1. For the list (1) away from ligand 1 (no atom under 16 Å from the Cβ); (2) at pLDDT below 90; (3) under 16 Å from the mean Cα position of the chain (by Cα), I need the number of the one condition that residue 149 fails.
2. Take residue 68 and tell me if it is away from ligand 1 (no atom under 16 Å from the Cβ) and without any contact (Cβ under 8 Å) to a residue 60 or more places away in the chain.
3. Among the residues of the range 146-169, what is the count of those that are touching a residue at least 12 places away in the same chain (Cβ under 8 Å), over 17 Å from residue 230 (Cα atoms) and not acidic (Asp, Glu)?
4. Identify, please: which residue in the range 185-233 is more than 14 Å from ligand 2 (Cβ to nearest atom) and part of a loop (DSSP other than H, G, I, E, B) and is, among those, nearest to residue 124 (Cα to Cα)?
5. Could you grab me the full set of residues in the range 73-90 that are under 14 Å from residue 200 (Cβ atoms) and either in contact (Cβ under 8 Å) with a residue 60 or more places away in the chain or within 16 Å of ligand 1 (Cβ to nearest atom) (or both)?
6. Taking the range 24-63 on its own, how many of its residues are modelled with pLDDT under 90 and surrounded by fewer than 17 Cβ atoms within 10 Å (Cβ to Cβ)?
7. Find the residue count for the range 118-136, including only residues that are away from ligand 2 (no atom under 11 Å from the Cβ), among the hydrophobic types (A, V, I, L, M, F, W, C) and either modelled with pLDDT of 95 or more or crowded, with 20+ Cβ neighbours inside 10 Å (or both).
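The values are calculated or read from the model by the stated rules, or taken from the named source; none is laboratory data. Please read all numbers here as calculations on a predicted model, not as lab measurements. Note: ideal-geometry Cβ built from the backbone for every residue, glycine included; neighbour counts use all protein chains shown.
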Amino acid sequence: MKMQRNKLFNPKGDSAFEKRRLIDGNSTNLFELNNIKYDWAMKLYRAMMNNFWIPEEIPLGNDAKDYKVLSDAEQKGFDRVISFLVFLDSLQTANLPNFSHFVTAPEVNLCLTLQTFQEAVHSQSYGYILDTVVSASKREQIYNYWREDKFLLERNLVITSIYEQFEQDPTRENFVLALMANYILEGLYFYSGFSFFYVLARQGKMCGVAQEIRYIQRDELTHLVLFQNIITTLRKENPELFLNSTMEKLSSLMDSAVQGEINWGKYIIKDGILGLTDTIIERYIRYLSNKRMDAIGFARLYPEETEHPMKWVDSFSSVNQIKTDFFEAKPTAYSKSSGVDWDELG
Ligand SMILES: [Fe+2]
Ligand SMILES: [Fe+2]
C-alpha cells in the first residue's frame with residue numbers, strides 16, 4: 001500500500017503533539033517549535049545549526065602545491081574519492097526531500113531540511129577544492145568520472161536504485177529500505193574516502209582538504225544520528241514494518257553495502273597508498289558496520305571485528321582536537337559545544 005504524502009495545507013490536521021507520528025500522522029505541517037513530541041529532533045537541530053561552517057574559510061594554497069607532488073597513485077586516489085563524494089552529496093541533497101514528503105513530524109522535517117542544506121554546503125566545498133587544487137581540465141575530468149569510470153558508475157547505480165525504488169513506488173516497505181540505505185550511506189560510504197584524506201594529511205599532505213573533510217564528517221555524524229533516531233522511532237511506532245523478513249532484507253542491504261565499500265576502498269588504493277592496505281580497509285568497514293548496527297539495535301554482521309584497525313583516525317578526524325596552526329585553518333567562530341560527544345560516534 002502506498003504511503004500518504006503530506007498535505008501542504010491542512011487546516012484539519014492535528015496540532016496536539018501527543019497525536020503526532022513519524023509517518024501516517026495527520027500533520028498540520030506547521031512548525032510550532034514550543035510544542036514538540038520528538039525531543040531528539042530539537043537537540044539535533046540545535047547541534048546542526050551550531051556546526052555551521054563556510055568551506056572557503058579554510059585556506060587551500062598549500063594543497064595546490066602538494067597536489068602537484070603527490071605520487072601518481074595518490075593523485076588517482078584523490079581524484080576518485082572526490083568524484084565519489086561529489087556524487088554522494090549531490091544525491092543526498094536531491095533525495096532528502098523525498099523522505100520529508102512522507103514524514104508527519106514537523107520537527108523531524110526541520111532536521112531533514114537542515115541536512116539537505118548541509119549536503120549542499122558539502123558540494124560547495126568540493127567545488128572550492130577542485131577550483132583551488134587542480135587544473136580546470138582535471139576538474140572537468142573528475143566531475144565526469146561518474147560517467148566514465150565503470151567501477152564508480154556501477155557503485156552509484158546500486159545506491160541510487162534503492163532511492164529511486166522508493167521515489168517511484170512509495171510503499172512503507174520501500175520507505176524502510178530507503179531509510180536504511182540513507183543510514184548506510186551516511187555511516188559507511190563516506191568513510192573509506194575520509195580515511196584516505198586523513199592518511200595523506202597524517203603524512204603532511206593536503207592538510208587543508210583534510211580540514212574540509214573534518215567539517216564534513218562532523219556534519220555527517222549528525223545526519224547519522226538523525227537517521228538512527230528515525231529508524232528506532234519508526235520501529236517503536238510501527239513494529240509491523242520490522243518483521244523478520246524485512247530485518248533480513250535490511251541486514252543483507254548492510255552486508256552488500258559493506259562489500260561494496262570494501263571493494264571501493266581497495267580500488268582507491270590499488271596503486272599503492274602508504275598507510276592503507278586491503279586488510280585495514282576490510283577490517284575498518286566491518287568494524288564501522290558493527291557500530292552502525294549496534295546503534296539501531298540490529299544484530300552485528302561481523303562479530304569477530306571488535307577492534308578499530310586505525311584508532312588514530314578517530315582523534316585525527318575530530319575538528320576540535322586538531323591544532324589549527326598545523327592545519328592553517330581558522331577556528332570556526334560558529335561552532336559551540338552541543339553537549340553531545342559526537343567524536344564517540346565516528
Ligand atoms: Fe554530506
Ligand atoms: Fe550527510
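1. (3)
2. Criteria met by residue 68.
3. 10
4. Only one residue tops the list, namely 206.
5. Listed by number, the residues that qualify are 73, 74, 76, 77, 78, 79, 80, 81, 82.
6. 7
7. Adding up the residues that qualify gives 4.
Residue-wise test of (1) in contact with a Phe, Trp or Tyr (Cβ under 6 Å, 6 or more places away or on another chain); (2) at pLDDT below 90; (3) among the hydroxyl-bearing types (Ser, Thr, Tyr); (4) buried (at least 16 other Cβ atoms within 10 Å of the Cβ).
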residue	(1), (2), (3), (4)
17	no, yes, no, no
22	no, no, no, yes
66	no, no, no, yes
71	no, no, yes, no
79	no, no, no, yes
91	no, no, no, yes
94	no, no, no, no
100	no, no, yes, yes
